[in-house]
Amino acid sequence: MQISGSNELVEQILKNDLCVACGACVGLCPYFKVYRGKVAMTFPCDLTQGRCYAYCPKTEVDYDNLSQTFYGKPYQGSALGEYRRIAASRAGDKMISGPFQNGGTVSALMTLALKTGMIDAAVLTDSDGLIPVPRLITKEEEVVQCASAKYVASPTLSCVNKGVEEGYDRIGVVGTPCQMTAVAQMKCNLLDKADFKDPIAFTVGLFCTWALDFRTFVDFLSDRLDLSTICSMDIPPPPAEVLIVKTADKDIEIPLSDIRPLVLKGCSVCPDMTAEWADVSVGAYEGKPGWNTLIIRSEKGEVMVDEAVKEGFLIVDELPALNLAHLIQGADGKKRRARENIEKAAAGNDSERNKQPAVTENWKMSSFQ
Ligand SMILES: Cc1cc2nc3c(=O)[nH]c(=O)nc-3n(C[C@H](O)[C@H](O)[C@H](O)COP(=O)(O)OP(=O)(O)OC[C@H]3O[C@@H](n4cnc5c(N)ncnc54)[C@H](O)[C@@H]3O)c2cc1C
Ligand code: SF4
Ligand code: SF4
């Protein structure tokens, strides 16, 4: 795998509209900045190799290397990635309540990870109105302040870089699948540094089908309602096909067909729905509001979930076979669509070029098949 520098990151990813604003390149050096959801390089840098390029989930990802590193075998390309167990879950009685998106599993696990000292800081996503705000927190009670999903791309991983800079060395991270791919690459010492230390102790991935571009979403919503009245948003599992915007006095349903044009172009070539490189992955539970679907992938993830159940932070139940079948179908569909979109963009069809990001030559279509 060719690891290049910041100039190639700009040429291949930013200029081709593949950036999904994950934040992994922000804060590593003084040059990459993010403003209102857009990442830019503000000064030139002449390093031929950089962590910015190595971590970016939109440059070529060596899935075999990740799989060998974390699971000791080549990447299989299965719908859900490697896992030990899949279950249903929700926060238990010992977890303080909060504005959880679904069952509060994510907040419960991060709260317990801080409480037990498994992690010394957590990288989460808060919000200021509609804009997602990355946060580096160290206190258990701060976790619920960041509960709920912000369906807008967030440069959350900039806070991992901030945490490392501040000396934290057991950081917990919650993020989308692209962010978990970047974090997995941060854990791999891709630049072969002699003094490398993995600063990440625990990762919780979120299921994700797409995220919205902050700027276009704000323009879209401000034509329809007063943005300052928005409390939260939800996308109920299929077949609802709506985004629900909750304000103080009413819920507004927006058809997903109206929203899809606002999705980041980089999402159209994203093959991962369930955060395959996280210790555990969490999503909605189709047909059971207030619960989550939980995928336990690593040994560390399993120990953490068992501890959370024992301590009353988590309740775990069986996931019905039909839900698992739907999950596999959804994840398979996302891989297939990503493959088709890469093929269309690579074929250079002009009408498709307007809809898809230009895919650079170093993308291996076979890498996630
Ligand atoms: C952009 C996006 C798309 C999603 N798409 C799907 C989907 O298609 N299917 C599905 O089943 N689930 C999806 N989810 C996950 C789902 O919305 C819930 O986050 C998940 O079920 C966990 O629920 P919870 O109650 O345990 O979370 P909570 O306990 O409420 O915690 C939510 C956590 O999410 C983090 N977070 C919020 N917004 C972001 C963001 N933009 N980027 C990174 N981290 C964030 C916060 O730090 C918080 O810790 C998506 C989430 C996001 C952010
Ligand atoms: S996808 Fe992430 S790492 Fe890549 S350019 Fe965008 S913000 Fe930087
Ligand atoms: S669809 Fe993929 S690229 Fe887009 S936000 Fe979700 S995980 Fe990231």
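The values are calculated or read from the model by the stated rules, or taken from the named source; none is laboratory data. Since we're looking at a predicted model, the values are computed, not measured. Please note: Cβ atoms are built from the backbone with ideal geometry, for glycine as well, and neighbour counts cover all protein chains shown.
The set of residues in region 199-219 that are more than 18 Å from Ala149 (Cβ to Cβ), of a type outside the set (Ser, Thr, Tyr) and in contact (Cβ under 8 Å) with a residue 12 or more places away in the chain comprises Pro199, Ile200, Ala201, Phe202, Arg215. Checking Val39 against (1) closer than 30 Å to Asp219 by Cβ; (2) in contact with a Leu (Cβ under 8 Å, 6 or more places away or on another chain); (3) more than 16 Å from ligand 3 (Cβ to nearest atom); (4) assigned to a strand (DSSP E or B), which test does it fail? Going through (1) closer than 30 Å to Asp219 by Cβ; (2) in contact with a Leu (Cβ under 8 Å, 6 or more places away or on another chain); (3) more than 16 Å from ligand 3 (Cβ to nearest atom); (4) assigned to a strand (DSSP E or B) one by one, Val39 breaks only (3). Scan region 161-188 for residues that are touching a residue at least 40 places away in the same chain (Cβ under 8 Å), outside any helix (DSSP H, G or I) and not acidic (Asp, Glu) and the total you get is 10. When residues in region 230-260 are screened for being modelled with pLDDT under 90, under 18 Å from Ala153 (Cβ atoms) and either charged (D, E, K, R) or loosely packed, with under 14 Cβ neighbours inside 10 Å (or both), 1 of them pass.
Take the conditions (1) within 15 Å of ligand 2 (Cβ to nearest atom); (2) over 29 Å from Glu241 (Cα atoms); (3) among the small types (Gly, Ala, Ser); Gly175 misses just one of them, which is (2). Tell me yes or no: at least one residue of region 33-55 is near ligand 2 (Cβ under 10 Å from one of its atoms), over 17 Å from Met180 (Cβ atoms), hydroxyl-bearing (Ser, Thr, Tyr) and in contact with an Asp or Glu (Cβ under 7 Å, 6 or more places away or on another chain). Scanning region 33-55, I find at least one residue that is near ligand 2 (Cβ under 10 Å from one of its atoms), over 17 Å from Met180 (Cβ atoms), hydroxyl-bearing (Ser, Thr, Tyr) and in contact with an Asp or Glu (Cβ under 7 Å, 6 or more places away or on another chain), so the answer is yes. Which of the residues spanning region 187-205 are touching a strand residue (DSSP E or B) at 6+ places or on another chain (Cβ under 8 Å) and surrounded by fewer than 22 Cβ atoms within 10 Å (Cβ to Cβ)? Of everything in region 187-205, those that are touching a strand residue (DSSP E or B) at 6+ places or on another chain (Cβ under 8 Å) and surrounded by fewer than 22 Cβ atoms within 10 Å (Cβ to Cβ) turn out to be Lys187, Pro199, Ile200, Ala201. The criterion of at least 1 residues that are within 16 Å of ligand 2 (Cβ to nearest atom) is met by the following strands (runs of 3 or more DSSP E) wholly inside region 62-157: 121-128, 131-137.
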